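Bear in mind these aren't lab numbers, they're just calculated from the coordinates by the rules spelled out. A quick note: this is a predicted structure, and the numbers were derived from the prediction, not measured. Here the Cβ positions follow ideal geometry from the backbone for every residue, glycine too, while neighbour counts run over all protein chains shown.
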Amino acid sequence: MSKPIKPQIRVLVVEDDLVDRMACRRALAQNQDYEFVLSEAETGREGLQLAHAQKPDCVLLDYHLPDLNGLEFLADLRNDLGEITVPVMMLTGADNASVAVEAMKRGAQDYLVKDANRQYLELLPAVIQRVLRERRTLMEKKQVEENLIQAEAKYRFLVEQIPTITYTTALDQPGKLLYISPQISQLGFSTEEWLADPDGLLKQIHPEDRTRVRAEIARGYESGEPLRCEYRLFTRAGKVRWFLNEASLVRHASGEPLFMQGVLVDITQDKDIEEELHVHRRRLEELVANRTMQFDKQTAILESANANLANKLDTCTQAANALKKYADQLADLYHNAPCSYCSLDPDGVFIQINDTGLKWLDRTREEVVDKMRFTDLLTPASAKTFLENYSRFKECGQLRDLQLEIAREDGTSLPVLLNATAAKDAAGRFVMSRTMMLDITGRKPAEQLL
């Protein structure tokens with residue numbers, strides 16, 4: 001029956017004493033759990049060459065060497081980044097405990113004190129295994145930290161490319177900001193100003209909206225349900241802007257709540273259109289009411305005298321009622337359609353697109369990103385309009401209120417209003433667009449009426 005294969009540990013022994021090297025080899029060869037594969041060096045320079053060439057799992061380093069001492073060896077072992085990439089265990093004499101401590105400060109992982117009876121050799125296998133475990137734990141922790149840093153950098157890059165203001169707030173105090181994207185400059189403020197303000201997210205709210213908004217945010221914190229509310233904010237210059245605030249509770253994998261994450265979308269233009277529609281609706285209702293009243297009076301006066309005239313008046317009344325019904329339907333033409341965000345490269349190919357945009361297109365992300373041009377999704381007329389404006393946009397960096405039509409898979413089209421800003425590199429070259437599209441399906445009938 002063959003013996004089980006034991007895992008190997010590659011050890012470089014840098015020791016000028018042949019007897020001590022042989023003793024280390026015998027001590028490690030007796031281990032039942034691991035096969036220790038040893039390389040040996042008699043001088044520090046030879047040990048450094050083997051360490052760089054073989055990259056062992058561990059180095060056993062004698063402090064007293066013919067050409068270098070242990071501290072000098074550690075200094076030369078460091079790479080260009082000043083790191084010691086292989087765990088080193090210092091072997092010192094009983095009178096060199098202070099040297100061993102200094103070696104630990106300079107990068108040694110551990111040390112053992114050589115005793116006259118060589119009892120330290122009994123501890124050697126276990127200490128090597130512990131040193132390697134600690135090293136693995138340290139490297140895993142470092143990798144996790146690097147992954148977190150990369151993930152945060154990627155998140156910041158993504159959220160800071162879109163026109164929307166993105167934020168996160170703490171759970172111990174409603175509105176207390178942990179992060180807010182640079183797009184807060186839309187209001188004339190810096191991120192540092194908002195993060196330092198005790199009111200945080202509640203800063204600059206219009207007095208007429210303040211009580212309602214505070215109550216809605218507090219209710220969202222208590223219930224854990226998604227937040228959605230509209231309110232007015234003051235810019236630094238004192239102007240009023242309408243914003244849609246949407247946020248959700250972010251939880252740990254264990255279910256523990258961590259923070260609230262949300263977006264602030266400027267809907268001032270939508271509110272202006274909505275108010276204009278309300279004004280026209282009220283005017284239409286007044287006209288319909290006056291016309292209906294006039295028809296009713298005429299009908300009451302002439303009904304008994306002329307049946308034919310009564311029929312005509314009845315037809316007029318029906319027409320007036322139809323007009324009132326149409327006026328009521330006009331109020332429903334505008335609604336708060338969700339926005340679509342996307343990024344296009346210099347050739348107009350999709351780099352990023354959010355789920356709302358994919359829902360509009362009835363396509364998957366794999367079908368669109370890095371494969372389709374924006375013009376592939378437009379009607380022929382809109383594709384021509386977009387290309388004419390996109391060339392100018394890459395030069396001037398701004399594209400505002402461009403109306404286009406998206407051609408859907410089912411043969412219908414979706415009218416949208418496109419706004420975009422350009423991202424450029426340090427040399428001023430166009431890199432990509434930051435694009436926001438609003439569904440203006442409900443606006444078309446209202447524009448025709450106006």
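General remarks:
- Relative contact order (%) - the range 339-449, alpha-carbon pairs under 8 angstrom, separation at least six: 26 percent
- Rounded to 0.05, the FRET efficiency of the Leu387 and His280 pair, given R0 = 30 Å and the Cβ-Cβ distance, is 0.30.
- Distance in nm between pseudo-label sites at Ile351 and Thr441 (7 Å out along the Cβ direction from Cα): 3.0 nm
- R0 of 56 Å, Cβ-Cβ distance Glu230-Met104: FRET efficiency to nearest 0.05: 0.40
- Bins of 5 Å, starting at 0 and running to the largest distance - Cα pair percent for the range 339-449: 2, 12, 23, 27, 19, 10, 5, 2, 1, 0
- Residue-wise HN-Hα couplings along the range 430-436, as the Karplus relation 6.51 cos²θ - 1.76 cosθ + 1.60 with θ = phi - 60° gives them from phi, are 5, 10, 6, 9, 10, 10, 10 Hz; Gly and Pro carry x.
- Gyration tensor verdict on the range 8-141 (Cα atoms; rounded if a/c is under 1.5, prolate if a/b is larger than b/c, oblate otherwise): rounded
- 13 Å reach of a label modelled at Gln318, 7 Å along Cα-to-Cβ, counting backbone N of the range 263-289: none
- Inter-site label distance for Ala300 and Ala75 at 7 Å from Cα along Cβ, in nm: 11.0 nm
- Separation of the Gln186 and Asp272 label points, Cα + 7 Å toward Cβ, nm: 1.4 nm
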